[in-house]
Every structure is written in structure tokens, then in C-alpha cells.
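Working notes for the structure below.
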């Protein structure tokens, strides 16, 4: 198992990604060989600073990277030797089993979709977020920003992608899927979710439990909550901001930590032909360590095969 | 000043609305005469139970009411003598300066729009929610569920309505208005907010400060945050559910109380020709007391006149 780590991504590079790699080596070193992608001089200096040895890692040198403010589509084209392009290309060529980056989320998404390709039948790949509910069971909200204008069919695909991820990677049996809405009744919501509700009722591969409201997110009403990326992104960032306030005000506990995304690492781009894991820009070493672990779990699982199988029916429908 | 109170609305009627009226009488009795609308027997019994005298209130008797699960449009037609229909009608006929209800939100919205009429130029009336930010300044998020599919022009109107409410009722000078989005840049977001951004830049009546993200809601980036009612409703209910968890886990303090909607009472239906204040179904006596105070503040202010003036330009454009 070989996992690539973007050393020039995120708000705190190279310290945070190198720290993530070093933490991973100490805790889970037997599970994968890490490939550090970035400026070799920076990497060697940072490894030395953190008391780690370069012989424990492979290094792929590049000085090019995509900044957090760069336009994703332009930067992916303009910077072929960027860490993100190299990492994704290595996944495509099977030189890596997975790639993780806390860098520019849009660039990771674009590179994953165009570099790895979309699994046939998937209308739009998605990214979700994992968090524990009040019973401490891991829950997924998806999409959280990859797709802001969603057709009903796209919401159905999110439901199926999230469901397969929770089954194969998170090991939740027959995960319950709910549609985010402003009320429980079928007739509630905007035009897109109303139509998606009907589609989901007719999708046997998804254990659809109906609509969920904002107040249900933290409850154990479902294992996967589906929504468009506009709403999902705003809810996600609102929740994250509360963590920052809570942790400064109260002694940290399980509840407060449940808002700490660092505990769960990144989320995969679901629906592409490879394991590409995106972390938050402010990821710490701990977050990156967990993201590497999540990438290994995804690579070891049947995630990609199961998505391919499940979407064959949609691929056939669309004539792909 | 006469304010009508729906005694047969909300999850805890008649106790909670009567308690709200009684609390109001004790704290602010000189500010308005309250008109209790509902089943006279129930009202008299509940007043007696709470040790209050019926002579301090006017009572308008009706036994008909719209249940929390009733279909708003159907119920408004089918139940002409419902408390909501009577209250709104009395506002229209100037027999009341304002009406407050913790009953069926949809029915209050429909009754307000069709009973009172929309102020010329306003594309869609809106309801927002008030909450204090981290500096304890009151902030508005609107829309929170009245309009789930929003055109760019509608988002512009929310911005203007929220801005006038914060100026006239909340007494905030030149309130800053931000557009909820998934990033700061103009190019971010779904098709509707991208177009709304351009419209807002060209709207001199609005002090537009650009895009805000979910993490900014609790910060003091703006005084009014504008979004479609689908996203707003999910964010609102997510925030409310956190209050319930927080208050059971920690000793209540200013921060936790900032998530307690009861402290701020209800919100007006903005854009209609009268003061119609909607409270949460689970409103307690305290929440209803505060909602009555808010209705008085709105009725005493220049809210309706200022909205009418501001929207004359839009009314002229649309040829109304």
C-alpha cells in the first residue's frame, strides 16, 4: 500500500503535512509506505526539524504547487508539475493507492474528476463530510460544496455514493439515507428536492428514510444526509465555526470534539476512478494523519468496485 | 396600541400564549392593550389558573384554529373563523396594530400575504430570524423558509427588507448586508446568488458588504445575512438543535443563551401591509411575551412606511 501526501498543500505547509506523515509513521507505519510530494529541500529540512528520518519515506520532488486562492481550473492546466497534478497522476498510473491533500479543494476536485475520470453512470462526483451524531455514530453529510446547483438525479447519485461509502469504508450495514429538507412531508422543499424525493423512493439500492430537517443532523435519524453543495457547505462551515467558539469557552469533551473535523481526517472525492482524499485547508498534523488512515481504509475496501457496479444501471440508462 | 395574541396557536396552547400575555402585562402593561383571540372558556380558565384577571385584556371569541399539521392554503380557506384569520383580518381593518402567533408558520405566512397584501414592488415577502453575534449585537438571517426557490431579484428584495427592519426596528444605523455563499469571491456560488451579487452591487439602498460563508454567521461580518429559505431554514434548525444539546450539557451562559430563540421572540413577515409576527411552535410564555414586545416595536416604528418608500422604485419598474 502506497499513499501520496501533498506536502505543499494547506494553510500550514510544510509543517502540518510532514507532521501528519511522521505521526502516521509512528502510529500506523506498518499499514502503508508514504510518498511525500513536494519540494525535497523543504521536506528534508522539515523532517530533520521534527526528528524524523527521510529513509522512512519516499519523496517525489516538485517545487510547483497550487495556492489556496488560485482558480482551480486554470491552475490545474497552468501548473502541470503541481503537487496535486502529480499526486492524482500517480494514482491514475497505479503508482499510488491513494493521494491526500489539504490544499485547494476546488483544484483537488477538478484534478480528481479530469485526471482520474468519473465512474460511468455518475452524473457528478461529490465530496461529503463525516461527523459523529449524538450517539457517537459516524454520519455523512454530502454534498458540501462540489456541486452548488443540483438536479434531482444528481441528489439521487449523492445518496447512492454516500451510501456505498458508509457501507464499504465506514462498515455501516444498510445505511439509512435522508434528504435534507425544510419539513418531513413529501410536498416540502424546493423543486429539486421534491423531485429527488420521488426518485429516491424508486431507488432500491438506497435505504431511503425520507426527509430530514436541520435539527435532525445531529440526531441518529440517518447515516447519510443528502443535500446540494450550496446548503451543505454553509451548514458545514457554520458547524465548524461553533467548534472554535465552544472549545475556547468550555472544557473540551466528547460533544465539543464531535465538531472537530480533525478527528475524522478528510473525505474522498466520491464517484471518480481512484482514491483522492481532500482535507480542510487548516488541517493540522493530526488531521492529516487521520486523512492518510482514511485513504488506506478506502483503498483497502471495495469502494470503487461497488460504486462501479451500482452505477452500471445508470450508465446503461444514459447510454454511456 | 392594541396587539392581538393567538391563544390557540403553538405546541403549548392555551398555557403558553396566556402566560405570554400575563408576563407582558406585568412587565410592559403600559405599552399596549392585548386582545386575546381564542376560545373564551379556555382563556378565562387559563387566566384564572395563572392568577390573572380578565378585565386586563380584551377577548375575541372563536373556537376555530389551524393545527400545526394543517395544510396552510387549504386551512386558511376552510377555517375563516380561525384565530389566525381573525387576527390578520383585525390588523387589516386597523382594529389591531399588530398580531402575534406561535401557530402554523405556513398559515401565518399565507394569511399575512393574502389577508394584508404585499407592499407594491416586493416580489416575495420574507421571514427571518434574529440572533446575537459573538459581540452580542443582534443579527438577522433571512429568509428562513418562506421562499425555497429564490430568483436573484428576490434575494435582493430580502436584502432590502432585512436592512429596513434592522434600521427601523432594531435601530442599527446603515446595517451591513452580506449574501450567504460558499466563498468570498464574486464568482462563487449557485447561479442565483452569483446574479444576486451583481444586483446587490447596484442597489444603493443596501449597504452590501459582499459574500459571507457559514463560518461568518456568528461573527460580526454583517447585520443582515441573506439567503434562500431552503438553506436558511436548515441552518436555523441546525442551530436551534445545538441549543438543546448545549443547555443540557453546560451551565447556561451568554453564549448558550445566544442560541435560545425565546430571548428574541418572533419575527415579522416582512413585505406585507401590516405587522404580523410569527413565533416558533415550541414558544414558551417568555418567547410570546418577547414577541409581543417586538410587535409593538415594529408597530411604533416607521417599518411599513420605509418599506413602501424603498420599494416604490421596484414597483415603478414592474409597472405595479
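Laboratory data are not the source of any read-out in this text; all were calculated from the coordinates shown. Given the structure is predicted, the values throughout are model-derived calculations rather than measurements. Cβ: placed from backbone, ideal geometry, glycine included. Neighbour counts: every protein chain shown.
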For chain A, what relative contact order do you get, as a whole percent, if you take Cα pairs closer than 8 Å and at least 6 residues apart?
24 percent
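State whether segment A:228-280 is rounded, prolate or oblate according to the following rule on the C-alpha gyration tensor (a ≥ b ≥ c being the square roots of its eigenvalues): a/c under 1.5 gives rounded; otherwise a/b larger than b/c gives prolate, and the remaining case gives oblate.
Cα axes put segment A:228-280 in the oblate bin.
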Taking the 0 to 90 degree range and rounding to the nearest ten, how far is the long axis of helix A:285-300 tilted relative to the main principal axis of chain A, both from C-alpha atoms?
70 degrees
Gap separating the Cα centres of segment B:27-100 and segment A:145-174, nearest whole Å:
47 Å
So, in nm and shortest first, the distances from residue A:173 to its counterparts in the other copies, with label points 7 Å along Cα→Cβ, work out as 6.6
Calculate, for residue B:185 and residue A:171, the FRET efficiency according to 1/(1 + (r/R0)^6) with r their C-beta to C-beta distance and R0 45 Å; round to the nearest 0.05.
0.70
If labels are modelled 7 Å from Cα along the Cβ direction, residue B:31 lies from its partners in the other copies at nm distances, smallest first, of 5.8
Can you say what percent of the DSSP beta bridges in chain A, counting only those with both residues inside, are antiparallel? Round to 5.
25 percent
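Count the DSSP beta bridges whose two residues both fall in the protein assembly as shown, then state the antiparallel fraction as a percent rounded to the nearest 5.
Given both bridge residues lie in the protein assembly as shown, the antiparallel proportion sits at roughly 25 percent.
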For the protein assembly as shown, Kirkwood radius (reciprocal of mean inverse C-alpha pair distance, Å)
26.1 Å
Return the percentage of antiparallel bridges among DSSP beta bridges fully within segment B:1-151, rounded to the nearest 5 %.
30 percent
For chain A, longest principal axis from Cα atoms; helix A:15-28 axis from its Cα atoms; angle between them, nearest 10 degrees, is 80 degrees
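What list do you get for A:300, B:240, A:135 if you sort them by fewest beta carbons within 10 Å?
Ordered from fewest to most neighbouring Cβ atoms within 10 Å, A:300, B:240, A:135 come out as A:135, A:300, B:240.
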Under a GNM of chain A (C-alpha, springs under 10 Å), which listed residue has the highest mean-square fluctuation: A:199, A:96, A:236?
A:199
Longest principal axis of chain B (C-alpha) makes with the long axis of helix B:229-249 (C-alpha) an angle, in degrees to the nearest 10, of 60 degrees
In terms of the alpha carbon gyration tensor, root eigenvalues a ≥ b ≥ c, rounded if a/c is under 1.5 and otherwise prolate when a/b exceeds b/c or oblate, segment A:97-154 is oblate
Let me know the shape class of segment B:189-320, please: from the alpha-carbon gyration tensor, a ≥ b ≥ c as square roots of the eigenvalues, rounded when a/c is under 1.5, otherwise prolate if a/b is greater than b/c, or oblate.
oblate
